[in-house]
Amino acid sequence: MKAITESFEIPTRGKGTYEITDEVSALLKRSGIKTGLATVFVQHTSASLVIYENADPTARADLHRYFEDLVPEDHPGLIHTAEGPDDSTSHLRMALTRTSESIPIAEGRLQLGTWQGIYLFEHRSAPHRRTVVVSLIGN
Amino acid sequence: MKAITESFEIPTRGKGTYEITDEVSALLKRSGIKTGLATVFVQHTSASLVIYENADPTARADLHRYFEDLVPEDHPGLIHTAEGPDDSTSHLRMALTRTSESIPIAEGRLQLGTWQGIYLFEHRSAPHRRTVVVSLIGN
Amino acid sequence: MKAITESFEIPTRGKGTYEITDEVSALLKRSGIKTGLATVFVQHTSASLVIYENADPTARADLHRYFEDLVPEDHPGLIHTAEGPDDSTSHLRMALTRTSESIPIAEGRLQLGTWQGIYLFEHRSAPHRRTVVVSLIGN
């Protein structure tokens, strides 16, 4: 039984989703773990994780659009805006998606479905470098 | 220390919530694990997981109703609708709930609270067969 | 390799967020685990978890405010209100945030980012005692 914790950085160009499936799969492959659990964790409160449809880019375009509507930057009453109109909304959009996501491992592979990709969801308008931590546990 | 990854299928009759607590508990019992972690993962982007109130069916009726209001099928501007008006909205409703859920194990049992049931949340109108993967790690 | 499951109680004074990072860190320290995974799980359907900005209290004030707007107690059509107008809405707000959250462990510490705190999110108006279960797995 092994327990490994590693991390990697991902640069963003501002708001949007950035696929990190390959980075997580590469860490799993290197670990040699065949059966167990991979947990992906983002160390930020203005970026989050989401497992989303990875085939047709219009799916993610709708995700980006919908979140602008669900948590609008002019939502009345928000006061945590010292860093701009995308400050509080970035935290709220993070809270509505995920900070951690756990994916079972079998036969040495992440047990993702055919259309599932792991994405970092950047909620700030400016480019950022984001740190993703991955825990791998298993045999 | 054991690490086991198994899966099961659950048929749905279209939109709604389908309890899977018994299926997950049965896998745990068979594993013989007494202390550790159970992770439930759904391999789809148009169905999700939610742990919800398991006593009064009106609670889940409100959940279904609220998600129709929160992510309406006529939400303006959605373009990922090749498979129908429940296409993009099924992904968005998935993103707002969960793809994975992890439940601690003690004394050989899932440490769910009295009123917690694990549910598959189907977001497509048509019946589907959904695959749920379960990782069990522990002693 | 160790697998430990423990729990603690946290009293709430009604709606709001209550930081539990120190409680989880204390359990981790006592476990002696250096590398692995910590999973935090709340045993309730009217309270949830969220990892949120821990520096400026206005961030959490906006979170509380936004959830009142997103899931209003007078949302039309809700029928699960036997325990009051905060009954069904407490479950819905729970479903939109998290029941479990998993945080990688390295060098004996939770790998939280600088601005991340773990919070219990109480959705009922009345004070409650909430039970949080923590699974720790690793070496």
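The values are calculated or read from the model by the stated rules, or taken from the named source; none is laboratory data. Computed from a predicted structure; not experimentally measured. We place every Cβ from the backbone using ideal geometry, glycine too, and count neighbours over all the protein chains shown.
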- prompt: Among (1) within 13 Å of chain C (Cβ to nearest Cβ); (2) in contact with a helix residue (DSSP H, G or I) (Cβ under 7 Å, 6 or more places away or on another chain); (3) part of a helix (DSSP H, G or I), where does A:E6 come up short?
  reply: (3)
statement: Of the residues in segment B:12-34, those that are away from chain A (no Cβ under 14 Å) and either in a loop (DSSP other than H, G, I, E, B) or over 23 Å from B:L110 (Cα atoms) (or both) come to B:T12, B:R13, B:G14, B:K15, B:G16, B:I20, B:G32, B:K34
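Taking A:E53, is it surrounded by 22 or more Cβ atoms within 10 Å (Cβ to Cβ) and either within 12 Å of chain C (Cβ to nearest Cβ) or on the phi < 0 side of the Ramachandran plot (or both)?
yes
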query: If you take the residues of segment B:4-22 that are touching a strand residue (DSSP E or B) at 6+ places or on another chain (Cβ under 8 Å) and under 15 Å from B:N54 (Cα atoms), which of them is surrounded by the most Cβ atoms within 10 Å (Cβ to Cβ)?
result: B:T17
message: Just checking: which of the strands (runs of 3 or more DSSP E) contained wholly in segment A:58-139 hold 3 or more residues that are facing another protein chain (nearest Cβ under 7 Å), at pLDDT 95 or above and under 30 Å from C:T35 (Cβ atoms)?
response: A:100-106, A:129-138
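Of the residues C:T39, C:T45, which is closer than 23 Å to A:Q43 by Cβ and either buried (at least 17 other Cβ atoms within 10 Å of the Cβ) or over 17 Å from the mean Cα position of the chain (by Cα) (or both)?
Details: C:T45 fails: closer than 23 Å to A:Q43 by Cβ.
Only one candidate qualifies: C:T39.
Just to check your reading of the model, which residue among C:S88, C:S135, C:S125, C:S100 is touching a helix residue (DSSP H, G or I) at 6+ places or on another chain (Cβ under 7 Å), at negative phi and among the hydroxyl-bearing types (S, T, Y)?
Numbers: C:S135 fails: touching a helix residue (DSSP H, G or I) at 6+ places or on another chain (Cβ under 7 Å); C:S125 fails: touching a helix residue (DSSP H, G or I) at 6+ places or on another chain (Cβ under 7 Å); C:S100 fails: touching a helix residue (DSSP H, G or I) at 6+ places or on another chain (Cβ under 7 Å).
On inspection, the qualifying residue turns out to be C:S88.
Among the listed residues C:T114, C:T131, C:T99, which satisfies the condition of being surrounded by 22 or more Cβ atoms within 10 Å (Cβ to Cβ) and either free of Cβ contacts under 8 Å to residues at least 60 places away in the same chain or closer than 26 Å to B:R109 by Cβ (or both)?
Details: C:T114 fails: surrounded by 22 or more Cβ atoms within 10 Å (Cβ to Cβ); C:T131 fails: surrounded by 22 or more Cβ atoms within 10 Å (Cβ to Cβ).
That would be C:T99, the only listed residue that is surrounded by 22 or more Cβ atoms within 10 Å (Cβ to Cβ) and either free of Cβ contacts under 8 Å to residues at least 60 places away in the same chain or closer than 26 Å to B:R109 by Cβ (or both).
Would a scan of segment A:59-71 turn up a residue that is under 25 Å from C:E107 (Cβ atoms) and surrounded by 20 or more Cβ atoms within 10 Å (Cβ to Cβ)?
To start, the set of residues in segment A:59-71 that are under 25 Å from C:E107 (Cβ atoms) comprises none.
Within segment A:59-71, none of the residues are under 25 Å from C:E107 (Cβ atoms) and surrounded by 20 or more Cβ atoms within 10 Å (Cβ to Cβ).
Being hydroxyl-bearing (S, T, Y), over 16 Å from the mean Cα position of the chain (by Cα) and closer than 24 Å to B:H80 by Cβ, is that true of even one residue in segment A:87-99?
We begin by selecting, within segment A:87-99, every residue hydroxyl-bearing (S, T, Y); these are A:88-90, A:97, A:99.
Now narrow it down to the ones that are over 16 Å from the mean Cα position of the chain (by Cα): A:88-89.
Imposing the further condition that a residue be closer than 24 Å to B:H80 by Cβ reduces the set to A:89.
Scanning segment A:87-99, I find at least one residue that is hydroxyl-bearing (S, T, Y), over 16 Å from the mean Cα position of the chain (by Cα) and closer than 24 Å to B:H80 by Cβ, so the answer is yes.
Please go through segment A:112-132 and give me each residue that is under 15 Å from the mean Cα position of the chain (by Cα) and closer than 25 Å to B:S135 by Cα, ordered by number.
Restricting attention to segment A:112-132, the residues satisfying the condition of being under 15 Å from the mean Cα position of the chain (by Cα) are A:112, A:116-124, A:128-132.
Across segment A:112-132, the qualifying residues are A:L112, A:Q116, A:G117, A:I118, A:Y119, A:L120, A:V132.
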